[in-house]
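Chemist: Encoded as structure tokens, here's the structure I'll be asking about.
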Amino acid sequence: MDRSRGINDYEPGPVPSESRVDRYGFIKQNVSNSSAAEGLGKSREARRVRKWRKMIGVGGSDWKHYVRRKPHVVKRRIRKGIPDCLRGLVWQLISGSRDLLLMNPGVYEQLVIYETSASELDIIRDISRTFPTHVFFQQRHGPGQRSLYNVLKAYSVFDRAVGYVQGMGFLAGLLLLYMSEEDAFWLLVALLKGAVHAPMEGLYQVGLPLVQQYLFQFEHLVREHLPKLGEHFSREMINPSMYASQWFITVFSYSFPFPLALRIWDVFLFEGVKIVFKVGLALLKYCHDDLINLSFEKLIHALRNFPEDAMNPDILLPMAYSIKVLSLSTQVFMALSTLKFLMSIHF
Amino acid sequence: MSMRRRTLLKVIVLGDSGVGKTSLMNQYVHMKFTQQYKATIGADFVTKELQIDDRDVTLQIWDTAGQERFQSLGVAFYRGADCCVLVYDVNVMKSFDSLDNWHEEFLKQANPTDPRTFPFILLGNKIDVDGGNTRVVSEKKAKDWCASKENIPYFETSAKEDINVDAAFHCIAKTALANEREQDMKQYGFIKQWRFGYDHYLVLHFSLHSRDL
């Protein structure tokens, strides 16, 4: 049946034997679980995998060359979704974490085994509260929880200024489903410290300044792209910090359906944080006509529980791609020039 | 003529990470407990409708992330609160020691008109754990702290075993309501203060009854 097809062909890692988990290893909440990611035909998926293998080469050897030569092809293919069986490898290639790993042999082991972290208790407290419905993380002190602890602890030592911040567990957890502990650690480093580019650099710093900035920018984008809804939000005193902070802090991995979260991560790693804004706007746009009629409480609820059809990656993502968001630096630049302009008039 | 309206009370739940804020809220509102909670990121929100002294009341409960670093995101929720619920874990001393900080931080951010009389409530949670053998904060210690803070009401709870949860939230609602009334009388007479985010609640329901005339 549908399910066996999904699992037999390209399930990474150990195959869960029971039907009570979905393709990604999450315990099924309801029976109707024909997720959109599984909608692709078998042969089509196989063709895509072949194309991708050719593009990245053996163990990723051709990747850099290909990206340099045909960045647009890469971008287009990533936007269609990285095949699940190659996802772990491709994420490491895109983020540059492979290079970090090769440049730092033995470092991860050192961090895990010999160093102590001030955040150890905080991390332990959250371990069982990270993807609690996933088979890999469910077992107390099981391999999943142990890996998660090691990666988070290692990071909190590696970047003592930031340490451990709630939300990181969801990033690390997501990564651990696609790669080894050490690989996941270096990808986390690549994300938060910057390797090729750092889409999340500074996100977890004290005071969460970057989150604040993103929320502020998102509010403006809502007003710009969906003026009616923006007006409705301000009438109802709805502020993005009431619904969107976890979008930015965990890049949609906290509470969104896994098939959608993965597709967003594909693009996020290649194109950066802009995709978070675009997906956020696309969600609001898709639900626009419902949202505009809701009052405060129902509105908050709706913004935290989008309907299933809105979260279908094959509908939502094309919509997100079509939304034009100026690059963040451009926005800042424009804001500054507006300010300068106004000042030049008045003084 | 009688005038009925649904009063909205805004409640903020604060306390260290892992003390059981989300669990308490869910036990109260949805009457269930699960081991499968995710750590709260940002903030969460639930509502519950109830009646207090014949008044229809909607409790709007904001559940916050416990890690200190998230406090900066809380400002938007703190304003206009009618009551602040502080939660600690009776088995974790640090969560009790943090109470002063949460108390102070809330007053600073929410900036209520009269910080001395602003209603707080303290909940000591997880009293069920290991039959009370792992407990490190005594009831007396907690009550002394409450006494030092203008006599904050105190409840010992277990979200898991559903001990005292209803009673605590009932007290929270009552306290919030009393505070709200007092604020009304003081500042605006009969006109309800227009607060953050819920002007739609100020729709007044008029009903005509001959006996009221």
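Chemist: Looking at this structure, is A:ILE82 more than 14 Å from every other protein chain (Cβ to nearest Cβ) and either surrounded by fewer than 20 Cβ atoms within 10 Å (Cβ to Cβ) or free of Cβ contacts under 8 Å to residues at least 40 places away in the same chain (or both)? Break it down stepwise before answering.
Modeler: On the way: more than 14 Å from every other protein chain (Cβ to nearest Cβ): yes; either surrounded by fewer than 20 Cβ atoms within 10 Å (Cβ to Cβ) or free of Cβ contacts under 8 Å to residues at least 40 places away in the same chain (or both): no.
Taking the combined requirement at face value, the residue does not satisfy it.
Chemist: I've got another one for you. If we scan region A:209-218, do we find a residue that is away from chain B (no Cβ under 14 Å) and at pLDDT below 95? Explain how you work it out, then say what you get.
Modeler: Residues of region A:209-218 away from chain B (no Cβ under 14 Å): A:217.
Cutting the leftovers down to at pLDDT below 95 gives us A:217.
Yes, region A:209-218 has at least one match.
Chemist: I need a count of the residues in region B:1-16 that are crowded, with 21+ Cβ neighbours inside 10 Å and within 12 Å of chain A (Cβ to nearest Cβ).
Modeler: 3
Chemist: Return yes when A:ARG129 is among the basic types (Lys, Arg) and more than 14 Å from chain B (Cβ to nearest Cβ) and no when it is not.
Modeler: It is false that A:ARG129 is among the basic types (Lys, Arg) and more than 14 Å from chain B (Cβ to nearest Cβ).
Chemist: Please work out if B:ASP63 is touching a Gly at 6+ places or on another chain (Cβ under 6 Å), within 14 Å of another protein chain (Cβ to nearest Cβ) and not β-branched (Val, Ile, Thr). Step through it out loud before you land on a result.
Modeler: Details: touching a Gly at 6+ places or on another chain (Cβ under 6 Å): no; within 14 Å of another protein chain (Cβ to nearest Cβ): yes; not β-branched (Val, Ile, Thr): yes.
In short, no.
Chemist: Name every residue in region A:275-293 that is touching a helix residue (DSSP H, G or I) at 6+ places or on another chain (Cβ under 6 Å) and in a loop (DSSP other than H, G, I, E, B), in order of residue number.
Modeler: A:CYS287, A:ILE292
Chemist: If we keep just the residues of region B:48-75 that are crowded, with 22+ Cβ neighbours inside 10 Å and among the hydrophobic types (A, V, I, L, M, F, W, C), which is farthest from A:PRO209 (Cα to Cα)?
Modeler: B:LEU59
Chemist: Looking only at residues in region B:30-42 that are within 12 Å of another protein chain (Cβ to nearest Cβ) and touching a residue at least 12 places away in the same chain (Cβ under 8 Å), which one is surrounded by the fewest Cβ atoms within 10 Å (Cβ to Cβ)?
Modeler: B:TYR37
Chemist: Can you say whether B:ALA76 is more than 12 Å from chain A (Cβ to nearest Cβ) and either outside any loop (DSSP other than H, G, I, E, B) or of a type outside the set (Lys, Arg) (or both), as far as the supplied structure shows?
Modeler: Judged against the criteria, B:ALA76 is not a match.
Chemist: Quick one: is A:VAL49 surrounded by fewer than 20 Cβ atoms within 10 Å (Cβ to Cβ), touching a Leu at 6+ places or on another chain (Cβ under 9 Å) and without any contact (Cβ under 8 Å) to a residue 12 or more places away in the chain?
Modeler: In short, no.
Chemist: Further question on the same structure: Taking B:PHE45, is it more than 19 Å from A:ILE124 (Cβ to Cβ), within 14 Å of chain A (Cβ to nearest Cβ) and out of contact with any strand residue (DSSP E or B) (no Cβ under 6 Å at 6 or more places or on another chain)?
Modeler: no
Chemist: Still on this model: Which members of region A:268-305 meet the condition of being away from chain B (no Cβ under 14 Å) and basic (Lys, Arg)?
Modeler: Scanning region A:268-305 gives A:LYS274, A:LYS278, A:LYS285.
Chemist: If you don't mind, there's one more thing I want to ask. Among the numbered criteria (1) surrounded by 20 or more Cβ atoms within 10 Å (Cβ to Cβ); (2) in contact with a strand residue (DSSP E or B) (Cβ under 8 Å, 6 or more places away or on another chain); (3) of a type outside the set (Asp, Glu), which one does A:THR130 miss?
Modeler: A:THR130 satisfies every listed condition except (2).
Chemist: Here's a follow-up. So which residues in region B:41-69 are under 18 Å from A:HIS301 (Cβ atoms) and either more than 17 Å from the chain's Cα centre (by Cα) or part of a helix (DSSP H, G or I) (or both)?
Modeler: B:ILE41, B:GLY42 - these are the residues of region B:41-69 that are under 18 Å from A:HIS301 (Cβ atoms) and either more than 17 Å from the chain's Cα centre (by Cα) or part of a helix (DSSP H, G or I) (or both).
Chemist: Moving on to the next point. Looking at B:VAL129, B:VAL92 in this structure, which one is at pLDDT 95 or above, touching a Lys or Arg at 6+ places or on another chain (Cβ under 9 Å), more than 30 Å from A:HIS301 (Cβ to Cβ) and within 11 Å of another protein chain (Cβ to nearest Cβ)?
Modeler: The unique qualifying residue is B:VAL92.
Chemist: Can you pull out the helices (runs of 4 or more DSSP H) entirely within region A:175-274 that have at least 2 residues that are at positive phi and surrounded by 22 or more Cβ atoms within 10 Å (Cβ to Cβ)?
Modeler: Those helices (runs of 4 or more DSSP H) do not exist here; none qualify.
Chemist: Right, another one. Examine region B:63-85 for a residue that is of a type in the set (Lys, Arg) and within 23 Å of A:MET237 (Cα to Cα), and state whether such a residue exists.
Modeler: For region B:63-85, residues of a type in the set (Lys, Arg) and within 23 Å of A:MET237 (Cα to Cα): present.
Chemist: Against the conditions (1) within 11 Å of chain B (Cβ to nearest Cβ); (2) under 30 Å from A:VAL107 (Cα atoms); (3) touching a His at 6+ places or on another chain (Cβ under 8 Å), where does A:LEU177 fall short? Just the number, please.
Modeler: It fails just one condition, (1).
Chemist: List the residue pairs whose Cβ atoms are under 6 Å apart, where the first residue sits in region A:229-256 and is within 7 Å of chain B (Cβ to nearest Cβ), the second is surrounded by fewer than 21 Cβ atoms within 10 Å (Cβ to Cβ), and the two are 6 or more positions apart or on different chains.
Modeler: Taking only residues 6 or more apart or on different chains, the pairs are A:MET237/B:PHE196; A:ASN239/B:ALA76; A:SER241/B:ALA76.
Chemist: Which ranges mark the helices (runs of 4 or more DSSP H) fully within region A:37-82 that have 3 or more residues being among the hydrophobic types (A, V, I, L, M, F, W, C)?
Modeler: A:42-56, A:71-80
Chemist: Can you tell me how many residues in region A:141-165 are in a loop (DSSP other than H, G, I, E, B) and either more than 10 Å from chain B (Cβ to nearest Cβ) or of a type in the set (A, V, I, L, M, F, W, C) (or both)?
Modeler: Result for region A:141-165: 7.
Chemist: Another question about this same structure. Pairs needed: first member in region A:94-120, over 15 Å from A:ASN150 (Cβ atoms); second member anywhere, of a type outside the set (A, V, I, L, M, F, W, C) and in a helix (DSSP H, G or I); C-beta distance under 6 Å; at least 6 residues apart or different chains.
Modeler: Filtered contacts from region A:94-120: A:ARG98/A:GLN92.
The values are calculated or read from the model by the stated rules, or taken from the named source; none is laboratory data. What you see is a predicted model; the values in this text were computed from it and never measured. Glycine gets a Cβ as well: all are built from the backbone with ideal geometry, and neighbour counts include every protein chain shown.
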